[in-house]
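All remarks here apply to the structure that follows.
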Amino acid sequence: MLRAPLPSLQTKCGQLARVQKVGILIFEPSMKGARLLKYTIGITILSSLLFLSACGQEPLVIRSTLEGDQYVRNNIESFTSDTFNQLMLSDQPIDETAINQLRTIISENEQTRYTRYDDELYRYDPTGELLYYTKWTEENGEYKLAALEFPE
């Protein structure tokens with residue numbers, strides 16, 4: 001059985017199109033368009049990889065006492081001591097037991113209230129019992145945790 005070559009059509013853009021047996025036109029882009037498409041896809045993939053590799057490496061830049069407290073409350077389950085120490089003042093590292101104590105307090109007390117005075121925040125349970133105290137200090141345009149204390 002002999003097959004005849006499929007006819008080609010010239011489009012308005014100057015691109016060639018082949019007619020296939022089912023009647024669908026398939027456009028073959030010119031070489032310039034193909035290079036541009038490959039370049040665009042390559043740049044998109046590269047920029048996506050750079051963006052994704054940078055995410056999760058640094059904690060959020062904290063701009064206020066309340067924002068810092070909320071960030072800690074929302075992310076305490078995933079914090080390690082290294083991650084938590086990035087939120088601390090450079091000369092005030094925190095130990096793992098304090099992080100675990102804060103993690104327990106936050107997980108056991110979903111409903112809380114707070115009082116804020118300047119850069120100090122007092123977190124209470126619904127009955128008014130003090131859960132913890134934090135003091136935040138501005139360092140290089142962002143707030144860092146200067147103190148974390150629990151009632152005795």
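The values are calculated or read from the model by the stated rules, or taken from the named source; none is laboratory data. None of the values given here were measured: they were computed from a predicted structure. Cβ sites come from the backbone with ideal geometry, for glycine too, and all protein chains shown count toward neighbours.
Condition test on residue 38, is it more than 22 Å from residue 146 (Cα to Cα), among the charged types (D, E, K, R) and modelled with pLDDT of 60 or more? Considered against the rule, which asks whether it is more than 22 Å from residue 146 (Cα to Cα), among the charged types (D, E, K, R) and modelled with pLDDT of 60 or more, residue 38 comes out as yes.
Show the residue pairs meeting these rules: Cβ distance below 8 Å; 6+ apart or different chains; first residue within segment 135-152 and acidic (Asp, Glu); second residue not in a strand (DSSP E or B). Here the result reads 138/119; 139/89; 139/90; 142/61; 142/62; 142/63, each pair linking segment 135-152 to a residue that is not in a strand (DSSP E or B). Among residues belonging to segment 95-125 that are assigned to a loop (DSSP other than H, G, I, E, B) and either in contact with a Ser or Thr (Cβ under 7 Å, 6 or more places away or on another chain) or among the basic types (Lys, Arg) (or both), point out the one that is farthest from residue 65 (Cα to Cα). Filtering first and then ranking leaves 125.
Scanning segment 90-101 for residues that are modelled with pLDDT of 85 or more and either closer than 19 Å to residue 62 by Cα or among the basic types (Lys, Arg) (or both) returns a single hit, 99. For segment 132-152, filtered to residues that are part of a strand (DSSP E or B) and more than 14 Å from residue 72 (Cα to Cα), the residue that is farthest from the chain's Cα centre (by Cα) is 149.
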